[in-house]
Amino acid sequence: MQNNVTIDQKQVAELGIFHAEREAARDLEAVMGTLSSNPKYLYPTIGKGFSGLENAERFYRWFFENFSPKVVDGKLIRQWVNETSVSQEYDVTLDIEGQLETHRILGVLFVEGNKLGGEIVYASEETIKRMLGPMFEELAILDQPFSY
């Protein structure tokens, strides 16, 4: 992954916030419009990930149709911004067949050029499985160390 960022820190923040807002609104077209030509999604807690626009679209379609409707509460705990990334820590509460589950998720949205090069997601394996659905079984093993 490269960090050839061509936007300033304020624009990095705006891009990350816009992406998160459009994701919450389940706006597939806008979310896809924030991504670089080959986004990477990394899950270091399980040592796996995926890449590519086609896979990103498959992920977001699943996420919007199956994960997002189960979200009954989401709270941004904190957010950090630097020259190359926006990190957002959330507590997300899901309603799973009448049972409430709260999951802590830390996502690092990293920039390549003037778009998001993808996301590094720190969460439990259970949370990742819920987010990815059938794509979970297709994740590739990542080379160590993870970098962006």
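The numbers here are math on the coordinates, done by the rules we state, and not lab data. Nothing here was measured: the structure is a model prediction, and the numbers come from that model. Heads up, the Cβs are rebuilt from the backbone with ideal geometry, glycines too, and the neighbour counts pull from every protein chain shown.
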For residue 10, counting only lysines whose alpha-carbon sits under 24 Å away and dropping same-chain residues fewer than eight positions off, the answer is 40, 75, 115
So for R0 = 22 Å, FRET eff. of residue 32-residue 96 from the Cβ-Cβ r, to 0.05, ends up at 0.20
Here, residue 66 and residue 141, labelled 7 Å along Cα→Cβ, have an inter-label distance in nm of 2.4 nm
Most exposed first, judged by fewest Cβ atoms within 10 angstrom, 95, 143 run 143, 95
Magnitude of the Cβ-charge dipole (Lys and Arg +1, Asp and Glu -1) of the stretch 1-93 about the Cα centre, nearest 20 debye, reported as 260 debye
Restricting to aspartates and glutamates and to Cα separations under 13 Å from residue 70, and discarding same-chain partners fewer than 8 apart, the set is 95, 97, 101
Between the alpha carbon centres of the stretch 1-30 and the stretch 69-90 the gap in Å comes to 12 Å
